[in-house]
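Written below as structure tokens is the structure these notes are about.
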Amino acid sequence: MEDWDDYRYFLAVVREGSIAAAAQLLRVNDTTVSRRISALEAALDTRLFDRRRTGFVPTAEAASLIPAAEEIEAGAKRIARLTLAQDRRLEGPLRVTAPLVLLRYVLMPIAAQFAARYPGITLHLQGADEISNLINREADVAIRVTAAPMDTLHGYRICDAVSGLYAAPALLARCGLDAASALSAQDLEWIAQEDDGARGTWQGRFFPAGRQVCHCDNKVTAIGAALQGMGVVELPVLIGDAEPGLERLPGFTATSDKGIWVLYHRDLRNTARVRAFVDMVRSAPTLG
């Protein structure tokens, strides 16, 4: 099998369960995926998938190939990382990933400064939460909120994850309050989130007569609800303080055991453009 890249398409179909989903993952059209799977089946002289109504199901022969295909994938990504590790140029692409809300409020000013200082480097900014982006060579640098990075990653804890409570001026005005007096109101409404670090504590402590007005599954949506004056929201102070449409309510802070880290695969520690970006993040006053 000379064209081992066909295994990349094979693994995508295995993981996604359909040609269309694999094509979306690989950013190619459906015809390309179908053609590469057919080529691999012809080269191996075996059927790799049963085409069922529910999707593409690996045959027994395909299942036996998956571990070897994953070894090929890991080797290819290792080669790519080692090649990039030797790159001393301050030019070329640099893929940076971070949670979308951190990209919007924290990383974007740093990215703008970096782009101005290094015009030869093209930034690719990706909003995502998965550490696997670095392991799978889908990103070069990641900003993550974590307690302990994986052993294969290198990086720096750049600040603690500290949160506060925020509200829109319109909400405070409607209730006849200001930021300083808000936490004594007892009946303010609040916005709940999937990752509330203090759920069941600050709400009951400060607003026992209030109610949960909505539930948001991500911070971007929660900020949008807060900006509309729907209720009080808990946010990392890095984000809440950067949103001009919200005011921090004095009297509450919560520190998580997690921190905000800038991370990269240890194979890339000597890559010039990776080092340049990491150094700029570490020296950013907003993250000090």
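The values are calculated or read from the model by the stated rules, or taken from the named source; none is laboratory data. Since we're looking at a predicted model, the values are computed, not measured. FYI the Cβ positions are ideal-geometry reconstructions off the backbone, even for glycines, and counts take in every protein chain you see. Protein only, heavy atoms only, side chains kept; ligands, DNA and RNA dropped before computing areas. Shrake-Rupley method; radii C 1.70, N 1.55, O 1.52, S 1.80 Å.
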Considering only segment 97-125, state which residues are over 15 Å from I260 (Cα atoms) and touching a Pro at 6+ places or on another chain (Cβ under 9 Å).
I121, T122, L123, H124
Long-range neighbours under 7 Å by Cβ, at least six apart or interchain, first residue in contact (Cβ under 8 Å) with a residue 12 or more places away in the chain and among the β-branched types (V, I, T) within segment 144-165, second surrounded by fewer than 17 Cβ atoms within 10 Å (Cβ to Cβ) and assigned to a strand (DSSP E or B):
V145/K258; T146/K258; V162/T255
Based on this model, can you work out whether L90 counts as surrounded by 12 or more Cβ atoms within 10 Å (Cβ to Cβ) and without any contact (Cβ under 8 Å) to a residue 60 or more places away in the chain?
no
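Listed here are the residues, each with its yes/no results for (1) modelled with pLDDT of 95 or more; (2) closer than 24 Å to Q186 by Cα.
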position: P208; (1), (2): no, yes
position: V220; (1), (2): no, no
position: G224; (1), (2): yes, yes
position: G229; (1), (2): yes, yes
position: L246; (1), (2): yes, yes
position: P250; (1), (2): yes, yes
position: T253; (1), (2): no, yes
position: G259; (1), (2): no, no
Those residues of segment 160-174 which are open to solvent by less than 20 Å² (accessible area, probe 1.4 Å) and out of contact with any Lys or Arg (no Cβ under 6 Å at 6 or more places or on another chain), in sequence order
S163, L165, A167, A168, L171, L172
I need the full set of residues from segment 71-100 which are in a helix (DSSP H, G or I) and either at pLDDT below 75 or touching a helix residue (DSSP H, G or I) at 6+ places or on another chain (Cβ under 7 Å) (or both), in order please.
I72, E73, K77, R78, I79, A80, R81, L82, T83, L84, A85, L100
Complete set of residues in segment 1-54 that are surrounded by 15 or more Cβ atoms within 10 Å (Cβ to Cβ), outside any helix (DSSP H, G or I) and among the aromatic types (F, W, Y)
F49
